[in-house]
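What follows draws every value from the coordinates through simple rules; no lab data is involved. Worth saying up front: this structure is predicted, and the values here are computed from it rather than measured. We place every Cβ from the backbone using ideal geometry, glycine too, and count neighbours over all the protein chains shown.
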Amino acid sequence: MPESAVPTDRLRRLRRVGRVGTAATACAAAVAGLVLAASPARANPPGPHDPIGHLDSLVSPAAGQLRAGGWAADPDAITRPVTVLGLVDGRVVASAVTAGRRPDVVRLIHTGPTPGFSLILPVPASGTHTACIAVRNVGGGTDRVLGCVATPLGTALSRSQLATHDPIGALDTVAATSGTVRAAGWASEPDDLGRPVTVVLYVDGASAATVAATQTRPDVARRRGTSSRVGYGITVTTRPGAHVACMWAVNVGFGGNSLLGCRVVDSRGPAGTAAIGTPAANNRVVAEANRHLGQPYVWGAAGPKAFDCSGLVLYSYRVAGLTTPRVAADQFTAARLIPAARAKPGDLVFYHDTVGYVYHVGIYLGNGMTDAAVDPANGVRHQAVTDPMATYGSFTHI
């Protein structure tokens with residue numbers, strides 16, 4: 001946790017989405033009750049070059065039909081007509097060029113004289129289906145979905161049905177150099193299989209880049225039946241050290257944003273493979289941490305009578321003659337990443353959320369256990385390493 005940060009910074013850092021388990025509750029205890037955002041990528045609005053518009057109406061004039069009406073334009077060609085698409089179950093079934101007079105829109109947006117559209121979509125007469133209205137992009141930016149409905153009109157999709165409309169994809173690779181992190185993979189949107197998906201790369205809990213997945217991936221197109229323009233490759237600058245990279249795909253239409261994956265990388269290179277023993281300093285760290293079992297958790301405390309999670313690490317390492325940063329996130333960046341199989345008692349176990357923010361740390365004891373300052377209710381105690389996002393680091397060996 002950012003135990004040494006001011007409350008405003010603490011609020012900003014904790015306003016994350018994700019799986020919040022026992023460890024998360026530990027270091028977030030001081031701000032219990034905060035409402036977390038619904039999805040980290042949702043804060044990214046449409047880009048300045050994406051189409052604009054509004055779906056004013058969507059009705060069923062006859063069985064097997066939907067009629068959509070509204071207006072649309074593109075900032076890169078604001079006075080020109082644009083193409084409006086009708087999609088059913090993610091596939092284009094109808095299209096039309098804006099040709100309707102909308103003086104109200106012309107006055108407000110300064111478009112050409114005919115930004116209005118009316119579009120008839122054929123839909124299956126039986127079963128539950130989804131229909132979306134999208135605007136084809138011109139120039140920079142990407143297609144824009146104006147709205148979606150389930151058919152027959154009035155149908156409410158269950159949570160599991162909605163989940164099938166979340167973006168799909170993968171974070172295939174993450175690599176780090178001394179000053180960069182590069183992430184690559186693919187993403188596709190079930191509600192518009194031809195639309196490049198917007199993906200957001202988070203590094204260490206902060207949004208680092210937002211791009212459209214427009215690189216050609218014929219391998220994905222063959223396997224998934226999507227457009228081949230679903231690939232992304234993003235390189236961002238970082239400081240040297242350990243990092244967590246998490247990739248999100250931004251939803252359009254039904255569903256919600258999707259976490260494509262998180263990876264931990266170390267720009268200083270991979271961990272070693274030779275056999276190692278437990279460093280003497282590590283033994284001193286464990287002995288000191290064990291001396292404080294049962295003492296209270298206090299946010300911002302770094303001993304000797306009370307601790308928060310990173311405060312216990314700072315104090316125990318200082319007694320052992322080693323200096324660490326104060327905050328868990330900075331301790332993670334400074335430590336060398338090691339696989340769990342190379343962790344020795346006295347090494348550290350870090351926990352990160354789904355945007356890569358390291359929010360908790362414990363001192364490894366072996367056999368899947370740590371010493372940790374957990375929360376005000378538990379204080380300093382043994383804590384099991386059960387979180388699948390736990391990552392191991394060391395200040396004494398790799």
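The local environment of G255, defined by Cβ-Cβ distances under 11 Å, has a net charge of -2 under the rule Lys, Arg +1 and Asp, Glu -1.
Modelled label positions at H54 and R67, each set 7 Å beyond Cα in the direction of Cβ, lie 2.0 nm from each other. Close amide H contacts of N137 (hydrogens built in the peptide plane, cut-off under 5 Å, sequence separation of 5 or more or a different chain): D143, R144.
Close amide H partners of R268, meaning residues 5 or more places away or on another chain with modelled amide H under 5 Å apart, are G241. Give a residue-ordered list of calculated ³J(HN,Hα) values for region 164-180 (Karplus: 6.51 cos²θ - 1.76 cosθ + 1.60, θ = phi - 60°; whole Hz; x for Gly, Pro). Values, residue by residue: 5, 9, 5, x, 10, x, 7, 9, 6, 9, 9, 9, 10, 10, 5, x, 9 Hz. Around the amide H of A213, modelled in the peptide plane, lie the amide H atoms of V197, T198, V199, all under 5 Å away and 5 or more residues distant in sequence or on another chain.
Per-residue extension of 0.36 nm, minus the Cα-Cα distance of S207 and S118, leaves a gain of 28.2 nm for this segment.
Near P304, once Lys and Arg are set to +1 and Asp and Glu to -1 for all other residues with Cβ below 11 Å from its Cβ, the sum equals +2.
The computed mean projected area of the Cα convex hull in nm² for the structure shown corresponds, within (1) 20.9; (2) 27.1; (3) 22.5, to (3). Per-residue extension of 0.36 nm, minus the Cα-Cα distance of V319 and H110, leaves a gain of 68.4 nm for this segment. Would you please give the FRET efficiency between T173 and R101, computed as 1/(1 + (r/R0)^6) with r the Cβ-Cβ distance and R0 = 56 Å, to the nearest 0.05? After rounding to 0.05, the efficiency reads 0.65. Taking R0 as 45 Å, what's the FRET efficiency between T273 and A77 from their Cβ-Cβ distance, rounded to 0.05? That pair, T273 with A77, gives E of 0.20.
Helical runs assigned H by DSSP (4 residues or longer) give the chain a calculated mean residue ellipticity at 222 nm of -4500 deg cm²/dmol, each run adding -39500 (n - 2.57) before division by the residue total. What is the gain in length, in nm to one decimal, between T180 and A163 on full extension, counting 0.36 nm per residue of separation less the C-alpha to C-alpha distance? Stretched fully, the T180-A163 segment lengthens by 2.7 nm. 3J(HN,Hα) couplings calculated from phi for region 333-338 with the Karplus curve 6.51 cos²θ - 1.76 cosθ + 1.60 (θ = phi - 60°) are, in sequence order, 4, 7, 6, 8, 5, 9 Hz; Gly and Pro show x. For the chain, the longest principal axis of the Cα atoms and the long axis of helix 309-319 meet at an angle of about 30 degrees. Taking other C-beta atoms within 10 Å as the exposure proxy, W186, W248 rank W186, W248 from fewest upward.
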